[in-house]
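The values are calculated or read from the model by the stated rules, or taken from the named source; none is laboratory data. Because the structure is predicted, anything quoted here is derived from the model rather than measured. Counting neighbours? That spans all protein chains shown, and the Cβs are built from the backbone with ideal geometry, glycine included. Note: areas computed on protein heavy atoms with side chains; ligands, DNA, RNA excluded. Shrake-Rupley method; radii C 1.70, N 1.55, O 1.52, S 1.80 Å.
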Amino acid sequence: MAPRAYWKGYLKLSLVSCPISLFPATSEREKISFHQLHKQSGNRIKYKKVDAETGREVEADDIIKGYEVSKGEYIELEPEELEAVALESKRVIEIDEFVPKADIDELYLNNPYYIVPDGEVGQQAFAVIREAIRKEGMVALGKVVFTSREHIIALEARGKGLMGVTLRYPYEVRNEKDYFDDIEDEKVPKDMLELASHIVDTKRGEFDPKKFEDRYEDALKELLKKKQKGEKIERQTESKPSNVVDLMEALRQSVSAEKGDGERRKSPSHSSTRHRAVKKPGRSTARHKKAS
């Protein structure tokens, strides 16, 4: 069954527009989720919305939104009053400007969405806008309203469609100085930096999300299997990292460990590793004789 669109409206670039559908690009449905149960009866726990003063349950139709201006004093808003907030971006994503992708600080990136043409009528207009964005190699910025809020959204071409990522507003991003200012200015010795850089080089790879493993999710599945079989659940002992006494020595040992791991990864089998180990002295001796 095809997923339902999260938002429908129009994409507009100057006088060119087309109908579009927006879908969340990520999902957490596949993750294991739990319900809350009553320990004695095993029944599900349900939450009720109650009046904080009377304790009586309140029907959904009798609940409105309120903004607290002072302790216990609210400005009440009816749903139709909130709907009266006139924003064109409720139904239209209008591209305001284009910026280099590298200019967007990662702190501002929020949620990704797939954007596709809605119906056959606007297919060509959608393709024109998509290819214009792709050709420029830039990110298009616009505004969109959903979840009762207006969001800035960054659009870029992705395959036959578009990917939109909502961006946080400056007031939503905390100032790094509040956290980093107390960090002391340490001078890193050159030899330590070289060893650390060597470790980085030995761990260098290519980004491949297929290699990502959710070990906690796997452990949960295993736990549930054991519980179903009635097996005893025992808590595993956690291995704590040892305290670094000599940083330089720790770096040297790390380099040796990574070097050993790298050689083992390259070795197709234990026997071939042993074979190469036997041949090494021969090559070294030959070079020594030649030098003599």
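Okay, residues lined up against (1) exposed (fewer than 10 other Cβ atoms within 10 Å of the Cβ); (2) on the phi > 0 side of the Ramachandran plot; (3) acidic (Asp, Glu):
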| position | (1), (2), (3) |
| --- | --- |
| Gln124 | no, no, no |
| Gly137 | no, yes, no |
| Leu155 | no, no, no |
| Pro189 | no, no, no |
| Leu193 | no, no, no |
| Thr202 | no, no, no |
| Lys211 | yes, no, no |
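I want to confirm something. Restricting to the stretch 157-184 and keeping residues that are within 18 Å of Phe23 (Cβ to Cβ) and part of a loop (DSSP other than H, G, I, E, B), which single residue is least open to solvent (accessible area, probe 1.4 Å)?
For the stretch 157-184, the residue satisfying everything is Gly159.
Looking at the structure I just gave you, is Ile133 crowded, with 18+ Cβ neighbours inside 10 Å, among the aliphatic types (A, V, I, L, M) and under 21 Å from Tyr10 (Cα atoms)? If you could, list the steps in order and put the result at the bottom.
On the way: crowded, with 18+ Cβ neighbours inside 10 Å: yes; among the aliphatic types (A, V, I, L, M): yes; under 21 Å from Tyr10 (Cα atoms): yes.
Answer is yes for this residue.
What pairs come up if the first residue lies in the stretch 141-155 and is farther than 12 Å from Lys90 by Cβ, the second is open to solvent by less than 20 Å² (accessible area, probe 1.4 Å) and polar (S, T, N, Q), and their beta carbons are under 9 Å apart, counting only those six or more places apart or on different chains?
That search, which allows pairs on different chains as well, returns Gly142/Ser89; Ile152/Thr166; Ile153/Thr166; Ala154/Thr166.
Consider only pairs whose beta carbons are under 8 Å apart and that are at least six residues apart or on different chains; among these, list those whose first residue lies in the stretch 187-208 and is in contact (Cβ under 8 Å) with a residue 60 or more places away in the chain and whose second residue is open to solvent by 100 Å² or more (accessible area, probe 1.4 Å) and not hydrophobic (A, V, I, L, M, F, W, C).
Partner pairs satisfying both residue conditions: Leu195/Arg252; Thr202/Lys259.
Being modelled with pLDDT under 80 and loosely packed, with under 10 Cβ neighbours inside 10 Å is the filter; apply it to the stretch 225-237 and report the residue that is farthest from Met248 (Cα to Cα). Don't jump to the end; show me each part of the working.
Going residue by residue through the stretch 225-237, those that are modelled with pLDDT under 80 are 226-228, 231, 233-237.
Within this subset, residues satisfying the condition of being loosely packed, with under 10 Cβ neighbours inside 10 Å are 228, 233-237.
Details: Gln228: 49, Ile233: 41, Glu234: 38, Arg235: 35, Gln236: 32, Thr237: 29 Å.
My answer is Gln228.
Got a number for residues in the stretch 118-149 being within 15 Å of Glu97 (Cα to Cα) and touching a strand residue (DSSP E or B) at 6+ places or on another chain (Cβ under 8 Å)?
13
Report every pair of residues separated by at least 6 positions or lying on different chains whose Cβ atoms are under 6 Å apart, first residue within the stretch 14-37 and without any contact (Cβ under 8 Å) to a residue 12 or more places away in the chain, second assigned to a strand (DSSP E or B).
His35/Arg44
If you go through the stretch 26-62 one residue at a time, how many are under 30 Å from Asn110 (Cα atoms), modelled with pLDDT of 90 or more and hydrophobic (A, V, I, L, M, F, W, C)?
Summing the residues that are under 30 Å from Asn110 (Cα atoms), modelled with pLDDT of 90 or more and hydrophobic (A, V, I, L, M, F, W, C) in the stretch 26-62 gives 0.
Condition check ((1) outside any helix (DSSP H, G or I); (2) closer than 20 Å to Ser17 by Cα; (3) among the polar types (S, T, N, Q); (4) within 26 Å of the chain's Cα centre (by Cα)) across all residues:
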position: Val128; (1), (2), (3), (4): no, yes, no, no
position: Ile133; (1), (2), (3), (4): no, yes, no, yes
position: Leu155; (1), (2), (3), (4): yes, yes, no, yes
position: Met192; (1), (2), (3), (4): no, no, no, no
position: Val200; (1), (2), (3), (4): no, no, no, yes
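I need the full set of residues from the stretch 24-77 which are polar (S, T, N, Q), within 31 Å of the chain's Cα centre (by Cα) and open to solvent by less than 100 Å² (accessible area, probe 1.4 Å), in order please.
Applying the first criterion (polar (S, T, N, Q)) to the stretch 24-77 yields 26-27, 33, 36, 40-41, 43, 54, 70.
Those still in the list that are within 31 Å of the chain's Cα centre (by Cα) too: 26-27, 33, 36.
If the condition is that a residue be polar (S, T, N, Q), within 31 Å of the chain's Cα centre (by Cα) and open to solvent by less than 100 Å² (accessible area, probe 1.4 Å), then Thr26, Ser27, Ser33 are the ones that fit.
For the stretch 43-89, which positions are within 30 Å of Gly9 (Cβ to Cβ) and in contact (Cβ under 8 Å) with a residue 12 or more places away in the chain?
The initial filter retains those residues of the stretch 43-89 that are within 30 Å of Gly9 (Cβ to Cβ), namely 60-61, 63-67, 75-89.
Result: Ile63, Ile64, Lys65, Glu76, Leu77, Glu78, Pro79, Leu82, Leu87, Ser89.
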